Amino acid sequence: MQITQDTVVLIHYTLTDDAGKTIDSSAGGEPLAYLHGNGNLIPGLERALEGKQAGDSINVKLGPSEGYGEYDESLVQRIPRRLLQGIGNVYVGMQLQAQSEHGSRAVTVTQVQGDMVTIDGNHPLAGQNLNFEVRVEDVRAATEDELAHGHVHGPGGHHHG
Ligand code: ZN
């Protein structure tokens, strides 16, 4: 069976940066299951998997615009530490939810200097090339429930309690 819209796909993948450092990998664990064509994977990766079948391996290099976006300097802000009152210890690498008129957004603390804290609203992988090595383990038709929910149930997918 080929990977097309609304098929359930099980993949093993390794994601590396341009220096060859592994950012994420399913190796040694359960394969990742996703519902193809429902925005569960980043679009560039879904495009590359279209038409593939179990046993196929692909290598895909995605630029930032096809991955997590270009790095946007305007999402970096220096704010007084007192605005983070009640958060306790603020440290580099800490993830926070920032509230703005556009709703809440995940930000990362990138610098703490005296009374000032730098927060970065870019995705941690923004501005980076993404190098995926993917092996298709299995392809099957989705169930009605899975189509209604827009995600995979069972092994490697979502679990409802
Ligand atoms: Zn569900």
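When segment 1-18 is limited to residues that are open to solvent by 50 Å² or more (accessible area, probe 1.4 Å) and in a loop (DSSP other than H, G, I, E, B), the one that is farthest from E137 (Cα to Cα) turns out to be D18. Figure legend. Inter-residue proximity from segment 134-152: first residues more than 22 Å from G55 (Cα to Cα), second residues open to solvent by 80 Å² or more (accessible area, probe 1.4 Å) and within 16 Å of the ligand (Cβ to nearest atom), beta-carbon distance below 7 Å, spacing 6+ or different chains. Indicated pairs: H151/H158. Taking the listed residues G93, G156, the one that is in contact with a strand residue (DSSP E or B) (Cβ under 9 Å, 6 or more places away or on another chain), among the small types (G, A, S), at positive phi and crowded, with 17+ Cβ neighbours inside 10 Å is G156, with no other qualifying.
If you go through segment 53-86 and keep only what is open to solvent by 90 Å² or more (accessible area, probe 1.4 Å), in the same structural domain as S100 (by TED's automatic domain parsing) and of a type in the set (K, R), you end up with R78, R82. Would you call I23 in contact (Cβ under 8 Å) with a residue 40 or more places away in the chain and open to solvent by less than 30 Å² (accessible area, probe 1.4 Å)? It is false that I23 is in contact (Cβ under 8 Å) with a residue 40 or more places away in the chain and open to solvent by less than 30 Å² (accessible area, probe 1.4 Å).
Name the residues in segment 139-153 that are among the hydrophobic types (A, V, I, L, M, F, W, C), within 14 Å of the ligand (Cβ to nearest atom) and surrounded by 16 or more Cβ atoms within 10 Å (Cβ to Cβ), would you?
Across segment 139-153, the qualifying residues are A142, V152.
Output the number of residues of segment 96-122 satisfying the condition of being open to solvent by 80 Å² or more (accessible area, probe 1.4 Å) and either in contact with an Asp or Glu (Cβ under 9 Å, 6 or more places away or on another chain) or assigned by TED's automatic domain parsing to the domain that holds Y34 (or both). Count: 0.
Does V136 satisfy being assigned to a strand (DSSP E or B), open to solvent by less than 60 Å² (accessible area, probe 1.4 Å), more than 16 Å from the ligand (Cβ to nearest atom) and in the same structural domain as L49 (by TED's automatic domain parsing)? Yes: the conditions hold for V136.
The values are calculated or read from the model by the stated rules, or taken from the named source; none is laboratory data. Remember, it's a predicted structure, so these values are computed and weren't measured experimentally. We place every Cβ from the backbone using ideal geometry, glycine too, and count neighbours over all the protein chains shown. SASA here: full protein model, heavy atoms, side chains in, ligands and nucleic acids out. Shrake-Rupley method; radii C 1.70, N 1.55, O 1.52, S 1.80 Å.
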